[in-house]
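The values are calculated or read from the model by the stated rules, or taken from the named source; none is laboratory data. Please read these numbers as outputs of a predicted model, since none were measured by experiment. Note: ideal-geometry Cβ built from the backbone for every residue, glycine included; neighbour counts use all protein chains shown. Heavy atoms of the whole protein, side chains included, go into the accessibility calculation; ligands, DNA and RNA do not. Shrake-Rupley method; radii C 1.70, N 1.55, O 1.52, S 1.80 Å.
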Amino acid sequence: MRGGTVVDSTGLRRGDVLVEDGRIVAVGEGIAYPLGTTVLEASGCIVAPGLVDIHTHLREPGGEAAETVETGTRAAALGGYTAVVAMPNTDPATDSAAAVRYVQELARGACADVAVAGAITIGRAGREVVPLAEMTALGVRLFTDDGSGVQDGDVLRRALEAAGPLGVVLAEHCQDDTLTAGGLMHDGAWSRRFGIPGQPAAAEEAMLARDLALVRRTGAPMHFLHVSTAGSVELVRAAKAAGLPVTAEATPHHLVLTDASAASGDPLFKVAPPLRSASDGAALRAACRQGLIDAIATDHAPHTAERKKAPFADAPPGMIGLETALALVWDAFVAGPGEDAPLGLVELFAMVSWRPAALAGLDWDHGHGGPIAPGGHAHLCVFDPTEAWTVDRRATASRSQNSPYDGMRLSGRVRHTVLAGDPVVVDGRAQR
Ligand code: DOR
């Protein structure tokens, strides 16, 4: 890798990165490349550890019409990701050791490393806790019923009591179904203007508050998926201040889009949790700047054109996001007309690389998240902050095209992605 600014958890420096046999062997200015070395041009670019997405729906098994491990990881690589966590709301759900093994097998040779998340309850039905120990033995570190929250508090308590001693993390999609029933979009000024039934912020906050009480009681760690309201941010802030073992993620779409888009009635803007108000978005961005949000996670949720062209009320929630995430957060926090000074590169890449890597246990198992130093695993993302581009949702490597950013102008783009020393994306083109 020639030129560029290297960024990792230890800071910034200019320099080349030399890779051999999947490992970084030298970092510095003016490296002499051995004969026959493939040299990737990175001048003017940021060279960061490969990005890590802790919230990706790869849809296999059961949803292959929308995505496969192969197509989803190719989209991930194009977005700069070298590792993703595959969500377990597949069909059947990833709720057994056999199901975990099945996805792990599918992921061999994929364009990104895949860590498999397990469900918390059998069939994600919210009643019986999965065999946590057996699944943990296969390397599962995160368990979630994502797509829905665990509605029964006592089931979650039991799962936390079993998870704590195993050293694994339960991740919650906070949504009290009794409070969202019938709601189509965020309950706020826009839903009221159009008379559309809403899903209140309280549906997320009530479950989050309950979960925090259970974390306090059991001492087991929890991760909160796609936190989307100002109230949730305050709950997480108070929990962290009290020393509870909790982490939280935000999605690019909750950071940059609002319920005004959902009010258009276009199902591309239907997502769970729903797009919230402008002030919720501002609170999330402030929380990212303050280091309160541990990870920015895509919640890449592919759905076929067939299903997404249903009327808003019937269309499934979800949007793809792997290929646009880094450029969106770059514009939101660094290059765009933000409300504050640009966020530092270390702080920005922390949220998309090494903090999520640590959360998913991908740092020490597979060396994701850096640092970029001799001996480290060569998982790299090269981002060109000067390559402006316009999102074309039909041009995605994902099998689904449900991006809400079609036609949006973004100011930077992923140029190369290196997975274990192998250039899987070169000059914006997938190599596998
Ligand atoms: O919008 C969403 N779509 N939110 C989720 O939590 C699940 C996801 C999906 O699987 O489609």
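For the chain, take the longest principal axis of its alpha carbons; what is the angle in degrees between that and the long axis of helix 97-106, to the nearest 10 within 0 to 90? It works out to around 40 degrees. The distance separating the Cα centre of segment 127-179 from that of segment 330-392 comes to 28 Å. Across segment 312-327, computed HN-Hα scalar couplings (Karplus, 6.51 cos²θ - 1.76 cosθ + 1.60, θ = phi - 60°) run 3, 5, 9, 5, x, x, x, 8, 6, x, 5, 7, 10, 4, 5, 5 Hz from first to last residue, x flagging Gly and Pro. In straight-distance terms, cross-link reach from residue 240 covers every one of the aspartates and glutamates whose alpha-carbon lies under 12 Å from its own, apart from those fewer than eight places away in the same chain; here that gives 294. Surface analysis of the chain yields an accessible area of 37 Å² per residue, using protein heavy atoms and a 1.4 Å probe.
For the chain, the mean residue ellipticity at 222 nm estimated from helices alone is -8000 deg cm²/dmol, where every DSSP H run of n ≥ 4 contributes -39500 (n - 2.57) and the total is divided by all residues, rounded to the nearest 500.
In segment 1-127, what % of DSSP beta bridges are antiparallel (nearest 5)? Roughly 45 percent of the DSSP beta bridges within segment 1-127 come out antiparallel.
Could you tell me what percent of the accessible area of the chain is made up of carbon and sulfur, with a 1.4 Å probe and every protein chain present? The nonpolar share, carbon plus sulfur, comes to 52 percent. Note on residue 13 and residue 193: their simple-model spin labels are 5.2 nm apart, each label 7 Å out from Cα toward Cβ. Annotation: average projected area of segment 281-432 is 10.5 square nanometres, based on the convex hull of Cα atoms across all directions. Separation of segment 54-102 from segment 207-256 is 25 Å, based on Cα centroids. Set the Cα radius of gyration of segment 192-295 against 2.2 N^0.38 Å, with N its number of residues, and you get 1.11.
Note on the chain: antiparallel DSSP beta bridges, both residues inside, total approximately 50 percent of the bridges counted.
Semi-axis lengths, largest first, of the ellipsoid equivalent to the chain are 33, 24, 21 Å, with √(5λ) applied to each eigenvalue of the Cα gyration tensor. Candidate cross-link partners of residue 270 among the lysines, defined by an alpha-carbon separation under 19 Å and a same-chain spacing of 8 or more, comprise 308, 309. Label sites at residue 427 and residue 35, each approximated as a point 7 angstrom past Cα along Cα to Cβ, lie 2.6 nm apart. Per residue, the average separation of C-alpha pairs within less than 8 Å and at least 6 apart gives the chain a relative contact order of 21 percent. Using only the alpha-carbon atoms, how far is helix 201-218 inclined from the longest principal axis of the chain? Give it as 0 to 90 degrees, nearest 10. The two axes meet at around 80 degrees.
Note on residue 339 and residue 242: the model spin-label points, each 7 Å out from Cα along the C-beta direction, lie 2.6 nm apart. Over segment 6-125, the ratio between the Cα radius of gyration and 2.2 N^0.38 Å evaluates to 1.34. Using the Cα coordinates of segment 158-222, the gyration tensor eigenvalues translate into equivalent-ellipsoid semi-axes of 32, 9, 8 Å, sorted from longest to shortest.
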